[in-house]
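Taking it in order: structure first as structure tokens, then the write-up.
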Amino acid sequence: MEKERLQEFVKMRVELDDTINSMLDMKIVKLDQETKKVVLEFPVKDWQLNPFDHLHGGIISTMIDITMSAAAYSFSKASSTPTIQMAINFVKGISKDAVLYVEGYCDHVGTRMAQTRAIVKIKDNDEIVATANGSYAINHAKK
């Protein structure tokens with residue numbers, strides 16, 4: 001069930017033309033039910049760079065937010081998981097042409113909120129470039 005929910009979450013975002021989510025070219029790498037982990041892949045592209053040829057902080061924040069929200073959604077029964085808060089630690093600059101693996105962990109799902117964390121790594125060498133934690137609302141569609 002979690003795998004299907006993750007696929008649905010990503011599909012909803014990549015199919016919306018001309019949105020930041022669709023422009024990120026995210027791909028599902030892994031879902032681990034035991035550790036409640038979701039891993040998404042994001043290639044770094046030229047349009048995402050800041051004037052210093054590193055990944056813009058807002059773009060990496062978006063990648064992290066999507067992944068942590070995907071973890072909250074995948075491991076809950078929510079109809080949506082909007083962000084309540086998140087905090088990011090930028091460890092190192094990310095050069096162009098890198099491919100990032102963003103690992104999102106769902107540490108707790110309650111009736112109203114999920115607690116998550118993320119680790120961002122360079123795919124080629126497993127180097128950590130950012131970490132984060134966040135809270136996501138557990139929304140249920142009204143009938």
For the chain, built as a Gaussian network whose Cα springs stay under 10 Å, the top-fluctuating residue of E15, E34, E103: E34
Estimated FRET transfer efficiency when R0 is 30 angstrom, pair V29-K92 (beta carbons, to 0.05): 0.90
Pairwise FRET efficiency - L49 versus R112, Cβ, R0 = 35 Å, nearest 0.05: 0.35
10 Å binning of all Cα-Cα separations within the stretch 22-63, expressed as whole percents from 0 upward: 26, 44, 23, 7, 0
Taking only Cα atoms of the stretch 18-89, radius of gyration then Dmax in Å: 13.4, 42
Fluctuation leader among V99, V91, V38 - the chain, Gaussian network, Cα springs under 10 angstrom: V91
Protein accessible area in the stretch 26-118, 1.4 Å probe - carbon and sulfur %: 51
Dipole magnitude of the chain, debye to nearest 20 (Cβ charges: Lys/Arg +1, Asp/Glu -1, about Cα centre): 620
Angstrom value of the Kirkwood radius, inverse mean 1/r, which spans all Cα pairs in the stretch 47-143: 13.9
Accessible area per residue, Å², the stretch 7-143 with all protein chains present, probe 1.4 Å: 54
Restraint check, K3/K45; K45/K92; K3/K96; K36/K96; K11/K92, Cα-Cα greater than 23 Å: K3/K45; K3/K96; K36/K96; K11/K92
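The values are calculated or read from the model by the stated rules, or taken from the named source; none is laboratory data. Computed from a predicted model, the values in this text were never measured in an experiment. No Cβ is skipped: glycine too gets one built from the backbone with ideal geometry, and neighbour counts run over all protein chains shown. With ligands, DNA and RNA removed, areas are computed over all heavy atoms of the protein, side chains included. Shrake-Rupley method; radii C 1.70, N 1.55, O 1.52, S 1.80 Å.
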